[in-house]
Structure formats: structure tokens, C-alpha cells
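Right, one structure below, let's go through it.
The values are calculated or read from the model by the stated rules, or taken from the named source; none is laboratory data. What you see is a predicted model; the values in this text were computed from it and never measured. We place every Cβ from the backbone using ideal geometry, glycine too, and count neighbours over all the protein chains shown. In case anyone asks, the SASA skips ligands and DNA or RNA and just uses the protein heavy atoms, side chains included. Shrake-Rupley method; radii C 1.70, N 1.55, O 1.52, S 1.80 Å.
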Amino acid sequence: MSDKFPDQARVVIIGGGAIGCATAYHLAKHGCKDVVIVERNKLTSGSTWHAAGAYAQFRTDPNAGRMMAYGGELYAQLEAETGQATGWNPTGGMRVACTPERRREYERAITIARSFGVEMALISPKEAGEMVPIMTTDKLDSALYIPSDGGFSPSDICMALAKGARMNGARIFEDTVVIGFDIEHGAVTAVKTEQGTIKCETAVICCGIWSREIGRLAGVNIPIQPSHHCYFITEQIDGVTRDMPTFRDPDLWHYIREEVGGLIVGQYDPDPIPYIGAIPENHEFKLMPENLDHFMPRLEGLMDWIPSLQTAGIKTWIHGLEAFTEDQNPVMGEAPEVRNLFVSAGFNAYGVTGAGGAGMVIGEWILNGEPPFDMWSFDIRRFGAYHRSDNQVLARSLEGQGHHYTIIWPYEDMKAGRPLRRSAIYGALQDKRACFGGKFGWERPNWFAPEDVEPVEVDSFSRPNWHPYVAAEHNACRNAAAIFDQSSFAKYTLIGRDAEAVLGRLCAGDVATDPGQVTYTAMLNRHGGIECDLTVTRITGDEYYIVTGTGFATHDFNHIKRHIPDDAHAALIDVTSAFGVLSLMGPRSRQILEVAAEGDVSAEAFPFFTAREIQIGGAPVRALRVTYMGELGWELHIPTEYMLIAYETLTAAGAAFGLMDAGYRAIDSLRLEKGYRAWAADIGPDYTPLEAGLGFAVAFDKTADFIGRDALLRQRDEPLAKRLVTLTAEDDPELLLTGRETILRDGERVGWLSSGGYGHTIGKHIGLGFVRHSGGVTADYLRAGTYRIESANRQVDAELHLAPLYDPDNSRVRG
């Protein structure tokens, strides 16, 4: 460690745990030598030193899995590189199943893992007992074996990363407390510490349980919750060997791994205990008091599995604090509030496991201005303003922590912190027996229950209980009309004389249109990947109205705002709460509007992809003739205070035309039949419009140059390595396609489904997904193959389609 405290550095990393040291290691390895770590106490002194050291690679998100896999590869060679011991021990891992439901979950996991090239296997009780001989197997149904799992020494891993960082030029300063930041013109310019101020180009918050507090010093919202996590270490036990796989029994909430001939026995309990208030200043290398009353009741069941625990001596109790999030994913990326201030925190007690990959991702993000691959599931911009509430973060994060070992059910909706954001017609929809789901704090109707049915979703791995009710809503939209409350759409206004120039540079589509024109467009990165997927409506010469998906409100706003030049005369304003949205869709929607609305809604006066101002029940309405359901229809954007009267007027007029309330489950079914893409599922930064079949929305010949154009022009001249297709499978009540299922072509794995569901018009299961082939994916290549889909470890025949399954010529949409 250098004795001279620096007054400037290119990158300042706050936090000397595994995440901070891994970030410094990767920055320095990539040639960024001017890196400084400031640690409030000593390296590892936060949560790293008391981590349990169990490595698990598999994640249900492909890029999260790539990040974790990289970490395992790094740890396997880190000791040889640095000379610092790491305790890396690739033993493999096992999860036991005692019920058919748990086995079905594992079967789905095996298929997902196979989609991403991760090896997993369902093994028999006999095989499980041979791998873990100290375990009884008489109550065992099966077990999931993961060869890539293992264990390590957390403090040694951190010290090896720190040594590697120093070897490449990084500097580390311990006993250095951060007290603030300098921020100029919206960007961080310095980190203030008790030892002095360090000017910097970039700062990174890697502070674990302290991250929320440190973020607030810069006005950055980091929605993590410190919470208790406990394990103990036993004396040596006969039969425990160093090569014994790590062992998890999620139904009993425990994990086990070997430790010096004994066992580490830890617990993720369903009723976790939060830490409320500021973390004490002297908490470094500190543990919380033992809480045996909370831990022991669930341990008794584990003793039936591992009888030797009944007599084993306990050597050490470890009861520490870890940082948790509501979705069990970490918080990573550049803070939307402050440029050049990055966050890597909230790893839900797998921080050391994730550190190697996280350090790589954040390092490349800083140096290249973008992550190495799409990191949406971890991106800090997936959170919203309501996450500034400590009460919301507390409730939601505790629920997330409590779900660590619960069965992952398809379509499961979290309940904590709800209801929060409600549209102006929430009460009216509640009276109509809506079953609501949560999205970005909003209550959104998923489906509507008949009078004799409880509006509740029942967890299942087969056909869901709401299937017939969604079918009725779907069919109403196809044959008559349906009305959807889509008020949760994120909505912005971009206004100013340079608005067209700003959007012209950002949008792949041509937005230099006349007022009243709607443009469906993507915003791309420099590689041509899709960063945003939205509609842009020109209101006047200097004003545009932008509509995007609910969950992307922070992400898309931040993306647009960051690309407005400092000298541009253009202001971006979030108007989400100013407008509710009613989507009126179906072949009889025009007839309903002709009764309910003031204004000409004929095909001639109101063609597809145009916008007009009309009145409904006295309410001023911005009507956009667009669709995500594949039918004639309108998005009706209504000032919030007029929403109820507009809804009442439309439903009264629609009664004679078979109008039906419908929800988001029907939207998903309808859009799959049309092959409409969903951002963060079917498309995203790793996929271009050409690969996704959205080339029609790219205006290559428009006057304005746009980000990603050069990359698309290069790609247009080469065979595509991947291409989005539609696959169908015959009706089967036991088959459930939700995404991540494996696509097989002529028996070979060629990709996975990005989204899936059921098409009620065609009467088949539907999946969208990319078929990959390094030699090029042409139409001839696609048609020449025979396809199957693997779901829950079983295969079914599938038929490939290159055109939409429903209304391929868009005659109904344009009617």
C-alpha cells in the first residue's frame, strides 16, 4: 500500500470487499492502471469475511449465467496467477427434491441450463447417497446435480483479487471513510473522504450493506436492504470428505458444504430478519448475536437427512448482515441520477461467488461505455422512484430474501408493498373482479374472473387456472372488441426546437414526419443492438410524445436524456402520471368509437400509425391508431382526471358490440400470435433489428444519421448468425411454454425460446426464439430443419413459422 494518499485517480472504487477488489482487478488488467480502492476499515471487513464460500453458477437469465461462469473460470486460475491461495474446490453441487413439485422445478431448470450450455442432471436417490454418504435417502424423490458448483475461501479469494489488482498497478487505501462526492453538471468529479478529496473521472460504489447510505451522499437510489444471514461450522465429522458436493435442501431452507472435515450449515429462512437503521460505524469484522430461536426449528428437519448433525459439535456460529434486493438480483450499472457513478452491490449473500464476473462486467462497462452483454436483469435502471422509500425497499426485499429457496413457479407474482401505483379506474376494475399483477409498482389487471370464480392465480407447472378466462378475453378481442387498462405505460414529452434532431440521431426509424404521425422505432447502440423499443408521435413541429413499456420507464428515460447534447434546445419530461391509457382493440372497435367519441374515426380520416385529438364523454383524448394485439384498434391516452368518465362512456357504448374487459395475460397471447416482440424478452441490446425481423422499422435512407446505422449496414451484407422465429406445438395441458425452453433442430441445440405462451385463436402453444448457426441462418436453412422444443426435460415436436401465425398481411390491423 502506498503511503501517499492520492488527490486524483481515473477510477475510485469505494469498498474493499470481493466486489470492489474484483472491479479493480479487471480495470487494472485491462490497462487502466490509475485505479484506487478506498476501504473504510480493512479488506474483507464488511460481508466478505463471513461469507459461506459456496459457488453456484446457474442462473435462469443467460447473461447472468455467463457472468457467473466467468467468475468460476477466473477463480480456478487465480491462485496460479497471483500466488495467493483461494481455497477453490470444484466439488459439484446437489439440490435434493422430496416432492413431485420440486422435481418438476428441477426438470425445468435442467432444460433452461441446457439452453445455455450448462451441464445439469437429475439423479436417483441411490446416486445422491453415493455422492453425499452422510445423507439418508429414504424420503428422497430425486436430486439435481450441477458439476460446475463448488466452494472457496471467501477472504482468500478477495485477497487474491486485491493482489492481482496491485500487481497490475491499482492502489488500495484502508481506514479511509467516504463522506461525500463532488458532482458537476450531473457527473461525479471527486470522492470526498476523511483523508482528503480524490478527483476522478469515474467512481464505483461497491459497499455492500453500506451502499444505500453511500449512494444517498450522491443523490443516487440503491434499493438494497441489509438483513440477517446465519450459518454455523461443525467440528470434524466422520464421512465428510473434501470432494463432497455442496448440498442444498430448499424445502428445509438449508445449504451445506465441507469445511476442514466438518460442515458449514447455513439457512435461508422464509421469514428473514431485517436490520433497521444505519449500520454502526464500528461494524467491521463484527457479527450479530446468535438467534437460536429463529434458526433451530428448521434445523431439526435437516438432522433427519444428516443424522451425524445430531451429535456434531459446533465450532463457530456466524451471524452476519448481507444486502438483499426484491428480485434476488444485484444492483449494477451507471446510476441514472449521476453520470460516471457506477454501482455494484446488493448481491443477496452471493457477493463473493458473483464478484469475479461482476468485476469483469463493471470494468468493461466503465472502459467501453457499455457492458459486454445485456445486463438488464441486474441493471440499476430496473428500479423506480418508489424505491426511494425505505418502507417499500424493506417490504419488497424481505419478500425476495424469503423466496430464496421457495419453488420458482411460472407467472408467480410478488405481493409485498402492494397495492402502490393504481390507475384512475383501479376501483372500477376491482369491482369487475380483476386479478391484478404487479409491474414497476403498478397494479395491472392480468385477467377478469367470472362471478363464480375467485380472481386468484393458483401456482402450477401445468395449464394455469386462468387459462379459460383469458381465452374468453382473447376471443373477444379477435371477434368483437376488448378494452385494456394500459395506464402503466411510461410516457415522455420531448420538446424544443432541436427535438427532431435529437430523436433523428437516436431512432432507427424516421421521425422527421408531419404532426399526427406515429413511428414505431428502436433506439440502437453502436453495435446495432436494440436499447429501446417504443413509439414516437409527432405532436407539433417541436414536440414529440414517446410511449414505452412499463418496466423500462427509468431505463428509457435515462437512455434518451443521456443522448441529448448539452447545447441542444430539447427537454425530456416524464408525463407518465399525467395520462392514463385505455386500449380499445378488436374488429368492432371503430363501431364503438363512432358511438362514444366526437370526431371522425373512419379509415380514411384516421389511418394506421396516425394520432388525432378526439373527445370521449367530454374527455380530451389523444388517440393513437396503433396495436400490440394484432387487431384494428386505438391507444387512447387520456388525462388522468378524465379516465373514469372515458372508461364508463366506452363500456356503455361497447355493450351492444360485445365489448369485454381484458388484461395482460390476453395481451401476451394476442401478441404471440402476431409475432410481436417484447423488449427484455425477445429483443434487447444483444439483438439487432435485422436479426429480430424488424428491418422494416429501420429507415436506412433517412436524412439523419443514427446510432447503430453503420453496424446494421455491415450486418446487412453478411449472413445472419441468429434469427428470431416462431415455433408452435400441439395443444397439451401438461406443456407450459414461458421462455428459456431449448430449441432443437435436427436433434442439435440451436437456441432457446425468448418468450412463450398459448395462442387461443390457433389452439396451439407458441414460442418465439432465436435460432443460431455460425454458418448463417437463411430462410432455406430454417426450412430445411426438423424442430423440437424441450420443456421441463422432455421434448415435443414443433413447427417453425417465418410469418405471423395470425393475419400475416396485416389486413385486420389496417382495416
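Data for the structure
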quantity: Solvent-accessible area per residue for region 529-680 (1.4 angstrom probe, square angstrom); calculated: 33
quantity: Restricting region 228-321 to trypsin sites (Lys or Arg not before Pro) in coil, as DSSP defines it, with at most 12 other Cβ within 10 Å; calculated: ARG242
quantity: Gap separating the Cα centres of region 87-112 and region 127-170, nearest whole Å; calculated: 14
quantity: Region 558-578 residues near the modelled ASP542 label - backbone nitrogen below 16 Å, point 7 Å along Cα→Cβ; calculated: 567-573
quantity: Reach of LYS722 by Cα under 17 Å, taken over aspartates and glutamates that are not fewer than 8 positions away in the same chain; calculated: ASP374, ASP682, ASP686, GLU691, GLU741, ASP746, GLU748, ASP780
quantity: Accessible area of HIS527 in the full protein assembly, 1.4 Å probe (Å², nearest 10); calculated: 100
quantity: Accessible area in square angstrom per residue, region 693-756, 1.4 angstrom probe; calculated: 46
quantity: Charge dipole of the chain about the Cα centre (unit charges at C-beta), most positive-ward option of TRP466, THR353, LEU782; calculated: LEU782
quantity: In Å², nearest 10: area of TRP88 left accessible to a 1.4 Å probe; calculated: 50
quantity: Nearest-ten-degree value, helix 154-167 long axis tilted from longest Cα axis of the chain; calculated: 80
quantity: Label of the coordinate-derived value, semi-axes √(5λ) of the Cα gyration tensor in Å, listed as (i) 63, 26, 23; (ii) 45, 33, 25; (iii) 86, 39, 28; calculated: (ii)
quantity: VAL393 accessible area, 1.4 Å probe, all protein chains in place, Å² to nearest 10; calculated: 0
quantity: Carbon/sulfur fraction of accessible area - region 328-408, other protein chains in place, 1.4 Å, %; calculated: 47
quantity: Relative contact order of region 146-224, defined on C-alpha pairs under 8 angstrom at six or more residues apart (%); calculated: 17
quantity: GLU718-ASP797 FRET efficiency (beta carbon distance; Förster radius 25 Å; 0.05 resolution); calculated: 0.20
quantity: Alpha-carbon centroids, region 701-739 and region 742-765: separation in whole Å; calculated: 15
quantity: Length gained when the stretch ASP574-THR316 is fully extended (0.36 nm per residue, less Cα-Cα span); calculated: 87.6 nm
quantity: Relative contact order (%) - criterion: Cα under 8 Å, at least six apart; region: the chain; calculated: 12
quantity: Rg/Rh ratio calculated on Cα atoms of region 562-632 (Kirkwood radius); calculated: 1.09
quantity: Region 105-192: trypsin sites (Lys or Arg not before Pro) falling in loop per DSSP and having at most 14 other Cβ within 10 Å; calculated: LYS139
quantity: Directionally averaged projected area (convex hull, Cα atoms, region 309-361), nm²; calculated: 6.0
quantity: Length added when fully stretched, GLU454-THR99, from 0.36 nm per residue minus Cα-Cα; calculated: 125.1 nm
quantity: Per-selection Rg to Rh, region 601-744 - Cα, Kirkwood hydrodynamic radius; calculated: 1.05
quantity: Dipole magnitude of the chain, debye to nearest 20 (Cβ charges: Lys/Arg +1, Asp/Glu -1, about Cα centre); calculated: 900
quantity: Hz values of 3J(HN,Hα) by residue in region 429-443 - Karplus curve (6.51, -1.76, 1.60), Gly and Pro given as x; calculated: 6, 4, 5, 8, 6, 6, 9, 8, x, x, 8, 6, x, 8, 8
quantity: Cα centroid separation, region 30-71 to region 478-497 (Å); calculated: 41
quantity: Reach of LYS139 by Cα under 13 Å, taken over aspartates and glutamates that are not fewer than 8 positions away in the same chain; calculated: ASP249, ASP251, ASP304
quantity: Charged-residue dipole, Cβ positions (Lys, Arg, Asp, Glu), region 215-267 about Cα centre, Debye nearest 20; calculated: 420
quantity: Surface share of carbon and sulfur [accessible, 1.4 angstrom probe, percent] for region 108-251; calculated: 48
quantity: Loop-located trypsin sites (Lys or Arg not before Pro) in region 743-815 whose Cβ has at most 15 other Cβ within 10 Å (DSSP); calculated: ARG814
quantity: Using alpha-carbon coordinates, inclination of helix 664-674 to the longest axis of the chain, degrees; calculated: 70
quantity: Region 614-747, accessible surface, carbon-and-sulfur percent (1.4 angstrom probe); calculated: 51
quantity: Amide hydrogen neighbours beyond the local backbone of ARG339, cut-off 5 Å, H modeled; calculated: ALA187, VAL188
quantity: Above-threshold pairs, the threshold being 21 Å between Cα atoms, out of LYS163/LYS199; LYS29/LYS163; LYS674/LYS764; LYS4/LYS42; calculated: LYS163/LYS199
quantity: Other-chain or far-sequence residues with amide H under 5 Å of CYS435's (modelled H); calculated: ASN446, TRP447, PHE448, ALA449
quantity: Heavy-atom accessible area per residue - region 296-358, 1.4 Å, Å²; calculated: 29
quantity: Between 0 and 90°, nearest 10: helix 553-562 axis offset from the chain longest Cα axis; calculated: 90
